[in-house]
Amino acid sequence: MHSVSVKNLTLKFGSAEVLKNLNLDVEEGEFIVLLGPSGCGKSTLLNCLAGLLELTEGQIHIKGKNVTWAEPSERGIGMVFQSYALYPQMTVRGNMSFGLKIAGLPKAEIAKRVDRASEILQIGPLLDRKPGALSGGQRQRVAIGRALVREVDVFLFDEPLSNLDAKLRSELRVELKRLHNRLKNTMIYVTHDQIEALTLADRIAIMRGGIIQQLDAPQTIYNRPANLFVAGFIGSPAMNFIKGETVDGGKRFKFGDVSLDLAGYEGGAILDRPKAIIGLRPEHLSMVDEAIPGHTIPAVVEIDEPMGADSLVWLLAEGRQMSVRVPVEHRPAPGKQVHLKVDIAKASLFDETNELRI
Amino acid sequence: MANTPLAAGPSGAKPKPFITPQRAVVYTVLIVCAIFFLFPLYIMVITSLKNIQEIQSGNIFIPTMHPTFDAWEKAWNSACTGLYCEGIKVGFWNSIKITVPSTIVSIIVASLTGYSMANWPFKFSEVFFTILLLSSFIPYVVMIYPLVIITRELGIYSTLPAVVLVHTIFGLPLLTLLFRNYFASLPQELFKAARVDGAGYWQIFFQVFAPMSVPIFTVAVILQVTGIWNDFLFGVIYAGPTNYPMTVQLNNIVNSAQGGKAYNVDMAATILTGLVPLAIYFFSGKYFVRGIAAGAVKG
Amino acid sequence: MNRPNPLFRNLNSKIASLPMMLIVLGVFVGGTVWTVLFSFTNIKILPIFTPKQWIDGFVGFANYKRLFNSDRWMSCPAITKIGQESWQFKCTGAMPNMITYAILAIIISISLGFLLAVMMDQKIRLEGMFRTIYLYPFALSFIVTGHVWAWIMSPEYGLQHAMRELGWTSFSFGWIADRQMVMYAIVIAGIWQGTGFVMALMLAGLRGIDEDIWKAARVDGIPAWRTYIQIVLPMMKPVMVTTFVLVASGAVRIYDLVVALTDGGPGISSDVPSRYIYQNFSANLGQSLSASTVMLVSMAIVLIPWMRMEFGKKSQA
């Protein structure tokens with residue numbers, strides 16, 4: 001039994017299809033991140049799961065129960081929002097117990113649940129304060145607490161860390177992971193921040209245009225992106241793309257005067273394709289002084305951007321701009337002629353016509 | 001725009017360190033205009049404090065040497081409004097009887113309508129709302145007679161309920177706009193959070209939104225109390241002679257020819273009629289300004 | 001579980017909106033349609049109106065013809081040619097009175113209101129006090145305003161009398177009793193009551209303008225008055241249009257002020273459409289309804305610029 005199961009979900013606003021025949025199965029206890037650029041439908045999908053948006057077609061099952069038309073509170077979900085969405089006139093305790101009071105739970109039970117949640121989140125001292133008197137991080141903890149007291153199986157997070165500053169964000173990120181390890185609930189988490197996605201997720205669903213482009217473990221998504229969009233979206237700095245063609249029965253990738261040996265590429269049958277794209281992550285390239293035929297690309301250093309431990313070096317190769325990540329002590333001087341060594345096992349090849357990974 | 005505070009600080013050029021010719025001009029214009037606006041208030045007050053001989057022999061500019069509240073007393077208790085000579089106090093209490101229920105009913109209806117429009121839209125709700133807004137520009141004369149028929153068919157013509165109904169109807173467009181814009185400006189995630197918590201239409205309204213909406217309710221009360229208190233037309237048409245509000249009684253006192261023109265009593269009655277809205281205005285200046293600006297400059 | 005019946009979706013919301021929907025349909029739409037329809041009949045006061053009564057009473061445009069032939073509504077007997085090209089129109093009646101009032105009230109209150117708002121925006125001292133003074137008349141009833149100004153302008157004891165008594169014996173201010181000038185007397189009272197409101201709207205508009213505009217203008221060395229006229233004024237267009245619509249729609253409705261200040265006098269020289277219509281309800285209902293319809297059309301004409309702006313905004317979004 002899946003924890004959450006979305007079947008053929010379609011959502012239309014007027015004539016615009018925001019979600020297109022979408023399917024998603026989430027396992028019990030899994031941490032799923034919905035990742036994508038703004039307008040990709042990730043928050044919309046979450047709102048559909050919560051029952052805050054009425055879908056046009058399809059079904060949603062939670063814990064095997066069809067909840068497609070159920071009220072949000074009847075779905076067995078808790079939700080945490082970007083803006084915290086705390087009730088300003090209620091105390092922290094009031095915020096956390098509001099839903100339980102509406103559900104008609106006995107007072108003792110409410111107090112017990114609030115105490116347990118506040119202990120987990122270490123917000124005990126804040127219980128009698130109003131949200132206005134809390135910092136952003138504290139507010140978001142309270143918002144998580146409000147979801148926690150519902151004692152539900154599925155937590156929905158809608159960009160919960162986006163309103164926090166960078167330092168707090170990384171702290172709470174670790175805390176969320178700890179919380180998941182402890183509670184083992186199913187969590188569905190929407191973000192546009194790929195670091196959050198890569199660090200938190202068991203599986204990431206990359207979305208664009210109301211369609212899930214790829215649903216896989218973070219490492220798979222990073223190393224073997226299913227298509228050109230995923231490859232370009234994940235990774236910072238972005239993957240280098242070079243247009244060219246595959247020749248010799250799929251043994252070599254040719255662009256300009258360069259020809260790369262494809263032996264060792266991990267993927268499907270390459271074949272001869274007149275329009276192909278090779279994707280090389282900046283950290284999968286290295287600089288060497290001597291050319292190795294079939295394995296290097298000649299390039300000229302333009303500028304470098306030192307970033308503490310690493311330095312990102314921008315070069316011109318065959319008239320194309322490329323970036324390489326090197327240890328900061330290996331920074332080359334601008335104008336230097338170098339050769340970029342390609343680790344073909346970590347490269348990605350795409351067919352330019354359908355943009356899919358080969 | 002609705003919430004642009006007038007107190008946000010001037011955006012004009014920085015002041016020079018001492019009085020320049022430009023600033024002298026600015027202050028001259030402001031003071032001359034202030035005199036123009038204050039002048040009638042001054043005249044009203046000093047006239048009401050004079051006795052009738054002083055008025056007939058004296059000069060309206062010159063304050064009296066022997067101020068007396070006789071005219072106020074007479075205006076309140078015994079001035080004639082045509083048939084009766086019971087003063088404007090009758091109108092005062094009628095105005096209270098009209099204003100209180102009209103304000104309450106119109107705000108209840110409008111706040112719920114605005115809340116529905118903002119947070120619980122349904123099929124054609126936008127259409128209704130658009131027509132409602134456009135309706136605020138229809139001249140009253142167009143709907144006066146149909147409303148006479150409607151209230152007569154309901155059996156309430158010439159009674160308090162009729163005038164309460166009419167005030168509720170004509171207050172609806174502006175108030176609904178006010179409340180809809182306010183509720184729409186509240187964070188949508190708050191509404192979603194409450195729904196996930198299991199709160200329904202009424203619980204969200206009363207337990208989540210209403211406690212956060214004291215300012216907008218204050219604005220609405222000020223808007224309605226001053227508007228309804230100052231109304232003349234609906235009172236004279238729908239309330240019936242026994243329920244005539246203060247404005248109608250004032251008009252009757254001034255136009256009543258019984259016993260010759262008593263300008264001091266007229267002015268005292270005029271001040272008394274203006275006193276309630278003036279008091280509201282002076283004690284709630286910020287909300288008053290916000291209310292009229294919110295109603296007028298939207299978006 | 002099936003898709004719930006859409007009729008019951010947001011049911012509470014529909015129930016709570018029911019009064020509004022009834023009012024929109026029954027009063028605003030229904031009442032307007034009723035008035036327009038029955039303006040084509042010679043109906044008299046009756047308890048209820050049915051389609052049969054409409055058909056039986058149908059008289060076409062007769063009410064409108066009579067209305068525009070009525071001197072009380074509008075008459076323009078003295079169109080005289082003066083000089084080569086220019087004509088002098090001399091119209092009297094309720095409609096021209098209202099138009100005179102509307103034009104003057106719009107021009108004066110908007111220009112004076114804008115001027116005051118600009119002055120108030122100069123980081124002046126006692127801003128709150130000035131604002132309170134300019135705006136308090138707006139809190140008053142038109143009936144109060146009307147009676148105060150009637151007293152001030154009364155030729156017998158008012159301003160004229162006071163000035164003459166102070167020694168300026170040739171001073172004359174008898175507009176309120178002068179058929180030619182009485183509408184201007186009403187304009188003065190209207191300006192007194194409404195300008196503060198215009199000032200408040202304009203000031204809110206001015207304060208809503210980006211601070212950086214002022215900085216940029218100062219860096220460019222543009223004098224303040226020029227910035228106001230050439231940069232700020234065009235940016236205030238939405239506020240201006242809204243103010244125009246509000247002042248104009250108020251002017252079209254003008255009633256209470258006239259009733260209190262002049263009661264249409266002297267004679268009927270300051271009659272206005274609303275007053276004309278109410279006075280005809282009992283004697284001449286059909287004509288009242290046709291006059292109401294004319295008012296509706298006038299209002300629509302005033303509203304067109306505003307509507308175009310609103311819909312223009314929507315299509316851009």
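With respect to the conditions (1) assigned to a loop (DSSP other than H, G, I, E, B); (2) crowded, with 19+ Cβ neighbours inside 10 Å, A:Ile277 falls short on a single one, namely (1). The conditions of being open to solvent by 80 Å² or more (accessible area, probe 1.4 Å), of a type in the set (Phe, Trp, Tyr) and not in a loop (DSSP other than H, G, I, E, B) are met by B:Trp93. Residue check: is B:Arg152 assigned by TED's automatic domain parsing to the domain that holds B:Phe288, free of Cβ contacts under 8 Å to residues at least 40 places away in the same chain and open to solvent by 10 Å² or more (accessible area, probe 1.4 Å)? Yes, satisfied.
Can you find a residue in segment B:196-210 that is closer than 24 Å to A:Asn95 by Cα, open to solvent by 10 Å² or more (accessible area, probe 1.4 Å) and more than 10 Å from every other protein chain (Cβ to nearest Cβ)? Yes, segment B:196-210 contains a residue that is closer than 24 Å to A:Asn95 by Cα, open to solvent by 10 Å² or more (accessible area, probe 1.4 Å) and more than 10 Å from every other protein chain (Cβ to nearest Cβ).
Restricting segment B:80-90 to residues that are buried (at least 19 other Cβ atoms within 10 Å of the Cβ) and touching a Leu at 6+ places or on another chain (Cβ under 9 Å) leaves a set whose member that is nearest to B:Val164 (Cα to Cα) is B:Ile88. If you filter segment C:1-37 down to residues that are at pLDDT below 85 and part of a helix (DSSP H, G or I), you find that the one that is nearest to the other protein chains (Cβ to nearest Cβ) is C:Pro6. Regarding segment A:189-209, can at least one residue be identified that is more than 14 Å from the chain's Cα centre (by Cα) and open to solvent by 20 Å² or more (accessible area, probe 1.4 Å)? Checking segment A:189-209: at least one residue is more than 14 Å from the chain's Cα centre (by Cα) and open to solvent by 20 Å² or more (accessible area, probe 1.4 Å).
For every residue, the table says whether it meets (1) over 30 Å from C:Glu156 (Cβ atoms); (2) of a type outside the set (Val, Ile, Thr); (3) modelled with pLDDT under 90.
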{"site": "B:Leu38", "(1), (2), (3)": "no, yes, no"}
{"site": "B:Val45", "(1), (2), (3)": "no, no, no"}
{"site": "B:Ile52", "(1), (2), (3)": "no, no, yes"}
{"site": "B:Pro63", "(1), (2), (3)": "no, yes, yes"}
{"site": "B:Ser106", "(1), (2), (3)": "yes, yes, no"}
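Restricting A:Val174, A:Val142 to those that are buried (at least 22 other Cβ atoms within 10 Å of the Cβ) and either out of contact with any strand residue (DSSP E or B) (no Cβ under 8 Å at 6 or more places or on another chain) or assigned to a helix (DSSP H, G or I) (or both) reduces the list to A:Val142.
Which residue pairs have Cβ atoms closer than 7 Å, lie 6 or more positions apart in sequence or on different chains, and pair a first residue in segment A:112-126 that is over 15 Å from A:Ser97 (Cβ atoms) with a second residue that is at pLDDT 90 or above and open to solvent by less than 30 Å² (accessible area, probe 1.4 Å)? Listed by first residue and then by second, the contacts come to A:Ile120/A:Leu148. If only residues of segment B:136-167 that are on the phi < 0 side of the Ramachandran plot and not in a helix (DSSP H, G or I) are counted, the one that is farthest from the other protein chains (Cβ to nearest Cβ) is B:Thr159. The set of residues from segment C:278-297 being under 21 Å from C:Gly264 (Cβ atoms), at the interface with chain B (Cβ under 8 Å from one of its Cβ atoms) and either open to solvent by less than 20 Å² (accessible area, probe 1.4 Å) or in a helix (DSSP H, G or I) (or both) comprises C:Tyr278, C:Leu285, C:Ser288, C:Leu289, C:Ala291, C:Ser292, C:Met295. Among residues of segment A:299-351 being β-branched (Val, Ile, Thr) and farther than 23 Å from A:Gln219 by Cα, the one that is surrounded by the fewest Cβ atoms within 10 Å (Cβ to Cβ) is A:Ile303. Among the residues of segment B:268-281, is there at least one that is modelled with pLDDT under 80 and open to solvent by 10 Å² or more (accessible area, probe 1.4 Å)? Within segment B:268-281, not a single residue is modelled with pLDDT under 80 and open to solvent by 10 Å² or more (accessible area, probe 1.4 Å). Of the strands (runs of 3 or more DSSP E) lying entirely inside segment A:1-116, those containing at least 2 residues that are open to solvent by 40 Å² or more (accessible area, probe 1.4 Å) and away from chain B (no Cβ under 11 Å) are A:4-13, A:16-26, A:57-62. Applying the set (1) crowded, with 22+ Cβ neighbours inside 10 Å; (2) over 30 Å from C:Lys14 (Cα atoms) to B:Thr113 leaves exactly one unmet item: (2).
Right, C:Val182: at pLDDT 85 or above and within 27 Å of the chain's Cα centre (by Cα) or not? Answer is yes for this residue. Taking the conditions (1) farther than 20 Å from B:Gly274 by Cα; (2) touching a residue at least 24 places away in the same chain (Cβ under 8 Å); (3) more than 10 Å from chain C (Cβ to nearest Cβ) in turn, B:Ala71 satisfies each one other than (1).
Any residue that is among the small types (Gly, Ala, Ser) and without any contact (Cβ under 8 Å) to a residue 60 or more places away in the chain - is there at least one of those in segment C:189-202? No, segment C:189-202 has no match at all. Each residue in segment C:293-317 was checked for being at pLDDT 80 or above and more than 20 Å from C:Ile103 (Cα to Cα), and 1 of them qualify.
For segment C:232-274, which residues satisfy the criterion of being on the phi > 0 side of the Ramachandran plot and either touching a Pro at 6+ places or on another chain (Cβ under 8 Å) or open to solvent by 10 Å² or more (accessible area, probe 1.4 Å) (or both)? Of everything in segment C:232-274, those that are on the phi > 0 side of the Ramachandran plot and either touching a Pro at 6+ places or on another chain (Cβ under 8 Å) or open to solvent by 10 Å² or more (accessible area, probe 1.4 Å) (or both) turn out to be C:Asp263, C:Gly267. If the condition is being open to solvent by 10 Å² or more (accessible area, probe 1.4 Å) and more than 14 Å from the chain's Cα centre (by Cα), then segment B:218-250 contributes B:Val236, B:Ile237, B:Pro241, B:Thr242, B:Asn243, B:Tyr244, B:Gln249.
The values are calculated or read from the model by the stated rules, or taken from the named source; none is laboratory data. Remember, predicted model here, so these are calculated numbers, not experimental data. Reconstructed Cβ throughout: ideal geometry from the backbone, glycine too, with neighbour counts over all protein chains shown. Please note that ligands, DNA and RNA were not included when accessible areas were found on the heavy atoms of the full protein model with its side chains. Shrake-Rupley method; radii C 1.70, N 1.55, O 1.52, S 1.80 Å.
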